[in-house]
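Presented below is the structure to which this report refers.
What follows is calculated from the coordinates using simple rules that are stated; it is not laboratory data. Remember, it's a predicted structure, so these values are computed and weren't measured experimentally. Heads up, the Cβs are rebuilt from the backbone with ideal geometry, glycines too, and the neighbour counts pull from every protein chain shown.
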Amino acid sequence: MAETKYDVVIVGSGASGGMAAYVLARKGIKCLMLDAGPAPDLTRDRTLKAVYDLPYRGFRKPGILPHVLQANAFNSNVWADETQNPYTYDGDDQFNWVRVRLVGGKSLFWARMSFRLSDYEFKARDHDGYGENWPISYSDLAPYYDKVEPIFRVAGRKEGWKQLPDGVFLEDNSPDSVCVQQFKTAANQAGIPVTKMRRATGQGMLASSFNLLLPDALASGNLTLVSNAVAREVTVDKNTGLANGVNFIDRHSRREIHASGRAVVLGASCLESTRLLLNSGLANSSGALGHYLFDQFYITRTVDAIMPAACGGKANRHLIGGGGYCPRFRNLDTKAKNFIRGYALDFGSGGTPDPAVIPEYGAALESKLDYYRGAGFSVTTMGEVLPRFENFVTIDRNTSDAWGIPALHFSARYSDNEFNMAADAVSTLNEVCHNAGFEVLAKHDKMFPPGYSIHELGTCRMGDDPKTSVLNKWNQSHDVKNLFVVDGSSFVTGGSQNPTMTILSLSMRASEYLAESLRKGDL
Amino acid sequence: MPLQRRKFLQVAAAVPAAPALLAQQSAPAPPAPSAADVQTLATTTPDAAACTTVPGFFTDPQLAALRRLCDLLLPSVNGLPGALDAKVPEFLDFLIGVSPAPRQQLYRQGLDLLNAISSERFAKLFVALDPSQTDQILGPLRAPWTYDPPSDPLANFLREAKADIRTATESSRERADSAPSGGRRPRGIGLYWLPIDPLV
């Protein structure tokens with residue numbers, strides 16, 4: 001059979017690749033999508049089970065997935081197997097690279113927290129002089145957020161804040177519990193804004209490319225989706241220097257196959273796209289490819305507290321329950337003393353404190369837990385990490401995956417800016433919780449290793465200058481004009497907002513540009 | 001479980017009667033059943049059949065210390081099964097036995113330390129101490145929580161054991177059977193992802 005030449009070969013089927021297919025296929029453009037993993041069957045591959053009937057009774061299988069702290073006894077099988085998909089890092093500078101190799105990718109499992117970036121991120125250099133601005137501003141991306149949010153059915157409450165622009169929301173006007181109101185009052189007095197969580201509700205609480213993007217793309221008749229296709233290399237026409245397809249390896253047979261296309265779109269996830277480009281020896285005339293790796297640092301349970309009024313069996317839905325979100329509040333109109341940028345807070349109430357933080361054991365501990373039951377209040381801190389050239393990935397020529405493809409090596413660590421921000425978060429939260437009338441049981445400022453948030457960004461950043469950036473403002477390679485990278489690797493800064501809505505919007509914008517370029521014959 | 005078993009027995013009991021019924025009616029033989037007609041056999045898990053894990057990792061003194069520790073850290077309170085009721089020592093013997101070496105070392109060293117300190121202070125193994133004596137040795141569990149693990153090996157072991165014993169107890173069949181469901185699903189039930197098209 002003669003090789004089919006598609007208009008576009010898309011690598012990856014998660015949020016970014018899925019959005020590219022959604023836009024391009026519905027415009028009549030013939031697309032071939034490659035995904036490294038199998039397609040899950042959500043009725044066949046999931047089943048209700050009792051924790052005591054699992055092989056390790058609530059513990060995950062010992063020794064597997066050492067870098068996936070999110071893995072548990074129920075979901076261990078969905079994460080990419082680190083023995084098949086190894087990576088390396090410098091000495092003790094651990095990086096937790098969390099991957100999902102399934103059609104739909106990480107969008108099957110994300111926390112669905114849905115925020116917009118603002119010009120505090122897009123024009124960060126203008127604001128504080130550090131790093132680079134994006135080549136686009138908020139006004140360039142706002143129309144795409146407007147289109148993405150209804151697809152993902154984002155619920156939230158409009159506030160009119162400059163640092164967290166409002167979206168096209170399913171209005172969340174549900175009442176706050178007394179506990180949340182107390183926290184909000186104390187936070188507002190400290191200059192900290194509080195709002196409802198902004199979250200994609202999708203369909204049946206699944207807000208994935210798997211159910212919201214790929215079905216429509218396939219229904220257009222213009223998308224061919226190949227699962228178990230492990231991309232190895234973007235191929236180039238030696239005469240034109242343009243991309244002409246992708247070499248991939250069948251996951252089961254390990255047979256190498258070529259897919260041919262007039263353009264190539266990478267949406268394989270931030271670091272897989274960069275790995276593919278590094279292994280292809282492409283798009284790196286700037287020397288920036290792989291550099292400026294950043295994510296968002298997470299401190300879960302920064303504060304573990306209880307609401308005394310809800311203790312002793314008095315917790316009820318009116319009194320306590322629910323949570324909320326505090327967007328960045330530092331370094332907007334004033335300057336923090338020892339860090340730039342800022343952090344956001346995600347809080348919840350109504351649970352029971354972690355027994356680990358209660359200095360008791362035996363019957364005394366059980367008695368305390370009974371007393372605290374339903375009265376818990378905890379906060380997670382999510383902080384901006386500066387994009388620094390010194391944090392980067394490269395190819396480890398001594399390590400390959402199960403398909404013989406060279407693996408990534410990480411060289412990344414947090415800096416004093418992040419550590420000082422974390423210290424500010426814990427002292428601020430401690431004070432706010434006390435002022436809210438809560439009793440703080442435990443607090444800490446210890447962040448997880450880089451990568452934990454699964455918000456890895458950068459390494460293929462966009463910019464106006466081809467000497468310092470990999471992509472232009474359309475997510476298009478400066479070097480290879482028919483090559484686009486539409487995932488989080490294109491970010492210049494990340495703020496403290498969860499990035500998925502921005503990834504989706506960038507991919508939609510880039511894909512519309514690509515469609516128009518193909519129509520005009522510009523590529 | 002009882003319903004499934006009853007159903008299976010009903011099916012089994014019905015089979016011998018069928019030929020006799022057919023002979024009475026003198027009807028033509030029905031078509032042979034297809035594979036789809038074969039009944040799923042009711043099976044169960046070892047734990048559900050009340051089988052007991054055979055310990056094989058810890059030494060006898062270590063296992064005795066672990067049993068005592070389980071009873072002290074998570075006893076039966078207010079009718080809820082405790083760690084011993086949930087057979088946690090035997091389960092942890094299995095779990096730690098298949099865990100990476102650092103975790104095995106943490107447990108072996110920790111249990112040996114419990115016995116060594118008990119012998120040194122009270123001339124008895126940990127299992128034989130009275131409550132006031134064990135309370136002295138478990139003092140590190142009353143220290144304020146810190147994010148970083150304690151540098152003292154015993155304190156570090158006790159902190160890990162406290163968490164593991166709780167997880168193993170709360171995830172046990174005994175706990176699930178003892179508590180009424182507070183939500184839509186029975187206690188301890190979750191959405192489990194099976195391996196998806198694994199490499200062969």
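A few remarks follow.
- Nearest-20 debye value, region B:60-177 charge dipole, Cβ charges on Lys, Arg, Asp, Glu: 80 debye
- Every Cα-Cα pair of region A:72-133 was included, and the share exceeding 14 Å stands at 73 percent.
- With Cα atoms, 0 to 90° folded angle of helix A:15-26 axis to chain A main axis: 50 degrees
- A:Ser415-A:Asp354 pseudo-label distance in nm [points 7 Å out on the Cα-to-Cβ vector]: 2.9 nm
- C-alpha long axis of helix A:270-280 to longest principal axis of chain A, angle in °: 30 degrees
- Inter-centroid distance (Cα atoms) of region A:46-94 relative to region A:240-260, Å: 30 Å
- Farthest positive-ward along the protein assembly as shown dipole, Cα basis, beta-carbon charges - from A:Pro135, A:Pro466, A:Gly245: A:Gly245
- Shape class of region B:60-177 from the alpha-carbon gyration tensor: rounded, with the ratio a/c of largest to smallest axis under 1.5.
- With contacts taken as Cα pairs under 8 Å and at least 6 residues apart, chain A reaches a relative contact order of 23 percent.
- Separation in nanometres of the label points that stand 7 Å from Cα toward Cβ, at A:Leu48 and A:Ser137: 5.4 nm
- For chain A, the longest principal axis of the Cα atoms and the long axis of helix A:416-435 meet at an angle of about 30 degrees.
- Across every direction, the projection of the convex hull enclosing the Cα atoms of chain A has a mean area of 25.0 nm².
- Reachable lysines, given that their alpha-carbon falls under 22 Å from the alpha-carbon of A:Lys49 and they are not under 8 places away in the same chain: A:Lys61, B:Lys7, B:Lys87
- B:Val98-A:Arg157 pseudo-label distance in nm [points 7 Å out on the Cα-to-Cβ vector]: 4.7 nm
- Counting only Cβ charges, +1 for Lys and Arg and -1 for Asp and Glu, the dipole size of the protein assembly as shown around its Cα centre is about 1400 debye.
- Mean ellipticity per residue at 222 nm, deg cm²/dmol - from DSSP H runs of n ≥ 4 across chain A, formula -39500 (n - 2.57): -7000 deg cm²/dmol
- Value of relative contact order over region A:401-523, rounded to a whole percent, pairs C-alpha under 8 Å and six or more apart: 16 percent
- Relative counts (whole %) of C-alpha pair distances in region A:284-370, using bins that are 5 Å wide: 3, 9, 14, 14, 14, 11, 11, 9, 6, 4, 3, 2, 1, 0
- Filter on A:Lys158/A:Lys520; A:Lys473/A:Lys520; A:Lys196/B:Lys162; A:Lys314/B:Lys162; A:Lys147/A:Lys196; A:Lys467/A:Lys520 - keep pairs with C-alpha separation over 30 Å: A:Lys158/A:Lys520; A:Lys196/B:Lys162
- In plain terms, the chain from B:Ala179 to B:Leu125 could stretch by 15.9 nm, reckoned as 0.36 nm per residue minus the Cα-Cα distance.
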